[in-house]
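A short reminder: the numbers here are calculations on the coordinates, not readings from a lab. Bear in mind the structure is a predicted one, so any value in this text is a computation, not a measurement. Quick reminder, even Gly has a Cβ in these numbers, built from the backbone with ideal geometry, and neighbours come from all protein chains shown.
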Ligand code: COA
């Protein structure tokens, strides 16, 4: 049986660090409030580099770490809600810069679950033998869609990219179980980037569009704790393992309090949940692969370890996977 295994990870963030104290200078907030309610201390913010720059840097790194030749890459998928353009896709921009001339390249949109959805698509192509390998990236510059005068959202988000090189395996490792889900009926609790239908015959003021991030924080909190717990339990059952068999959970880095609730409900050791939101905030589709890369770079993952990846976000969407290293 063919499975999809992760052979290399990578990440890229802008150099600019914006601390909670920096934010307290532009909105009515404090380091104490942000740390207590979210666990976030600082985030990286673009000094001008757009999402493609972060995606390309990450893709280059995973390709080098996988010791793969760019012409051998079959598939490039980038997840993002903040691409540089409507078209070309970020994936095509990565293809051009890396010279992956034989790859098929496209983007997917599933907000903060984006990397999970992109990895799932790559997995299906690889499992079915259509392609042998893929570069899968989550990349965002959320700073361009944040309302910097709204303290309820601007303290939460950051910019960055993370990704992985994945390939076909016949050794029984890789992605062993997964659950993706969508609840479109909740689509209005988290929105960004609305464009209205303005044309020569229909005048619309750009101010009427909900361009910046809008979030009903409490509704998202409720959704996240419910769906992450449910999907994690389903994936554990599907894989025929117990929660004790999991070495690490790499969750979406939205809020430390959400992770506390999830760990408690799953009766899992909180120490198994890897977190780096204190330094990067919520980077949407980049958050799970950035955290996975950090865990990997620290040498904390060993061959044979079972790792759970789980994301949730706008749509509303969620995705959970069990991966054997
Ligand atoms: N600094 C200081 N005070 C703030 C603040 C800030 N940055 N943001 C909000 N507040 C205030 C509110 O105005 C409110 O004041 P009030 O009581 O006078 O009206 C008070 O703090 C409590 O606000 P509330 O929204 O109830 O806080 P909360 O405990 O629900 O925390 C979130 C807010 C956003 C941190 C929390 O709801 C959350 O994490 N939700 C999930 C978000 C998420 O996961 N998003 C990612 C989706 S992928």
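Here are the numbers for this structure:
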quantity: Single match in 52, 46, 113 (criterion: in a helix (DSSP H, G or I), more than 16 Å from the ligand (Cβ to nearest atom) and within 22 Å of residue 313 (Cβ to Cβ)); calculated: 52
quantity: Test: residue in segment 231-247 that is more than 28 Å from residue 178 (Cβ to Cβ), in contact (Cβ under 8 Å) with a residue 40 or more places away in the chain, more than 9 Å from the ligand (Cβ to nearest atom) and in a loop (DSSP other than H, G, I, E, B); calculated: no
quantity: Segment 198-230, subset touching a residue at least 12 places away in the same chain (Cβ under 8 Å), part of a loop (DSSP other than H, G, I, E, B) and over 21 Å from residue 183 (Cβ atoms), residue nearest to the ligand (Cβ to nearest atom); calculated: 212
quantity: Positions within segment 3-39 being within 19 Å of the chain's Cα centre (by Cα) and within 9 Å of the ligand (Cβ to nearest atom), in sequence order; calculated: 38
quantity: Residue among 261, 288 that alone is within 16 Å of the ligand (Cβ to nearest atom), at negative phi, assigned to a helix (DSSP H, G or I) and more than 18 Å from the chain's Cα centre (by Cα); calculated: 261
quantity: Criterion violated by residue 162 - all others in (1) within 16 Å of the ligand (Cβ to nearest atom); (2) surrounded by fewer than 24 Cβ atoms within 10 Å (Cβ to Cβ) satisfied; calculated: (2)
quantity: Qualifying residue in segment 81-89 (condition: surrounded by fewer than 23 Cβ atoms within 10 Å (Cβ to Cβ) and outside any loop (DSSP other than H, G, I, E, B)); calculated: no
quantity: Hits in segment 264-285 - residues which are touching a residue at least 60 places away in the same chain (Cβ under 8 Å), more than 19 Å from residue 312 (Cα to Cα) and not in a helix (DSSP H, G or I); calculated: none
